[in-house]
Amino acid sequence: MGTQGADHYFTSQPSTPLKRRPLTVFLAGAERKLQTAGGIFSPDGVDKGTAVLLNEAPPPAAGGHLLDIGCGWGPVALTLALRSPAATVHAVDVNERSIDLTNDNARALGLDNVRASTPDGVDPELRFNTIWSNPPIRVGKAELHSLLLLWLPRLANGGAAYLVVQKNLGADSLQRWLAAELAQQFPEAGFKVSRDSTHKAFRILKVFRPDGTQEGT
């Protein structure tokens, strides 16, 4: 993922003036008319990595709780909600403008199953059947690792996370790190980390939590 304009998209309050504008995109098989603004990630449409994730990841769980890490204006969260209307989709971001846009775009599509908030706004007891993310690689390795270790251990038994990462931004090294770190910190969970697919410059990494294991804390 990249920065946009003068702001980092991972700042909580962008300094650029809020100026919303219409955005027409293709999500979950249909054209959607939404809103966007500057100071967020990929404000002009669905970026290449996210498009790979939306097109290549297996279908999300039909029910339960689903999670989008780093929601931007909402392409992942909205797609999850459109494809799994019986599920509750949680979308998290540190950028308050992104949170507002995702919630407003969900309302514009008549989706009442999307809950966008800061990470602190999500009940820590929730467990997620599906996690999709185009993680913010450019926040730095330490922050990225902390972010992933905050959310991936919250996978439900039998749940899976799919992360899209550019090969030249360290997809293979991230896969190795995730496998080692999750095994060390949560050995009872039996997490399995693998490469789900490769598409041009991107890899989709899969983190799976088998059924019948105790949840880590």
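The values are calculated or read from the model by the stated rules, or taken from the named source; none is laboratory data. It should be emphasised that the depicted structure is a prediction, and the values quoted were computed from it without experimental measurement. Positions of Cβ are generated from backbone atoms using ideal geometry, with glycine treated the same way; all protein chains shown enter the neighbour counts.
Side notes on the structure shown:
- Cross-chain or 6+ apart pairs with Cβ under 7 Å, region 49-63 first and within 11 Å of His199 (Cβ to Cβ), then in a loop (DSSP other than H, G, I, E, B): Gly49/Met1; Gly49/Asn134; Leu53/Asn134
- For Thr118, the conditions (1) modelled with pLDDT of 95 or more; (2) within 29 Å of Ala30 (Cβ to Cβ) all hold with the exception of (2).
- Residue match in region 87-94 (condition: among the charged types (D, E, K, R) and in contact with a Ser or Thr (Cβ under 9 Å, 6 or more places away or on another chain)): yes
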